[in-house]
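Report on the following structure.
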Amino acid sequence: MFRKRGSDRAPDATRAGAAGPAHTAHPDEDADWRSFDPIAEDYARLFAPDLKRVAEDLVKLLEVSSRQRILDVGTGTGVGALSAAGAAGDGLAIGVDPSMGMLRAATRHAGDGVRLAAATSIDLPFRDATFDRLMANFVIGFFQNPSTAFFELLRVLRPGGRLAVSWWARGDSQDELRSTWLGVAEEFAEHEVLMEAQSRAIPGEERFADRGVLKQTMHDAGLRDIWTEIRSYRFQSSRDDWLAGREIASLGRFLHQMLGEELWADFRRRVRTVFAERFPQQLNDFRDVVLAVGHKP
């Protein structure tokens, strides 16, 4: 495993109505609640199986064939690189991620046939035109500077090579499951505080949820013949696992740190009570995903 410094993902009474105003504390700007390292194993269990389905669709869009070299940027627990390796046969699939915790999880879960490196999207440890195919599965929203990141991605992509990306489509943040969770969170913290934290963790979340904006960004970066689609997925989980996933997502990690252990325990009890009243034990989570692919001239 290669190691390279840096990170694009910076180190991915209880109720306001009953006991006064919601909590308004602001965490230190240098706090590490955005780090993926501590939650890597939970991420592999709760999110990786669903993300793998989308990664497999990206690999199909890339038309990966035997003996090609594929780079999976922001590989996380390695599901994209593993999907690419299966399609590349005797080729080479490499996954890069700035989180050492996620790479350790990838080493355990991705299996043989995948090589891993610690690197950021703006400082890739590869020569120009190294790869035939590039993929970025649910990563683009984390880019602090998308133009710089795309410049680096295209640098390591050979002429004629293809790049495919995915991101959550606009509107999903307001579905019933997420709006209910957010409503309980806002009993404990001001809406503006939560939204500012989410923006700091995932600066491109709303921007790249727009299919047209994503296509234009890829075109501005130099990609051509860009094809986009909004594809619907149904993800199934238990109610407890869905809530556990919210807790390790960016906003959940922020809220945990802001509240401290005692209030966090109160929040967890409250949100589980609300979800038990409103939702069945087995959940169907319907999500729309923007898929996009283009080639480097």
Taking the range 201-238 and keeping residues farther than 22 Å from Leu291 by Cβ and loosely packed, with under 15 Cβ neighbours inside 10 Å leaves Ser238
Do we find a residue being part of a strand (DSSP E or B), of a type outside the set (Phe, Trp, Tyr) and either out of contact with any His (no Cβ under 9 Å at 6 or more places or on another chain) or under 14 Å from Trp168 (Cβ atoms) (or both) anywhere in the range 242-255?
no
Neighbours by Cβ (under 7 Å, 6+ apart or cross-chain): first from the range 204-230, among the charged types (D, E, K, R); second surrounded by fewer than 15 Cβ atoms within 10 Å (Cβ to Cβ)
Arg211/Ile230; Arg224/Pro297
Filter the range 208-228 down to the residues that are touching a Leu at 6+ places or on another chain (Cβ under 8 Å) and part of a helix (DSSP H, G or I), then identify the one that is nearest to Arg34 (Cα to Cα).
Phe208
Members of the range 85-109 that are aliphatic (A, V, I, L, M) and either more than 23 Å from Gln68 (Cβ to Cβ) or within 17 Å of the chain's Cα centre (by Cα) (or both):
Val96, Met100, Met102, Leu103, Ala105, Ala106
Count of the range 251-266 residues which are under 17 Å from Ser35 (Cβ atoms) and in contact with a strand residue (DSSP E or B) (Cβ under 9 Å, 6 or more places away or on another chain)
3
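Read-outs: derived from the displayed coordinates by stated rules, not from any lab. Source: prediction; values computed, not measured. Neighbour counts run over all protein chains shown; Cβ positions are idealised from the backbone, glycine included.
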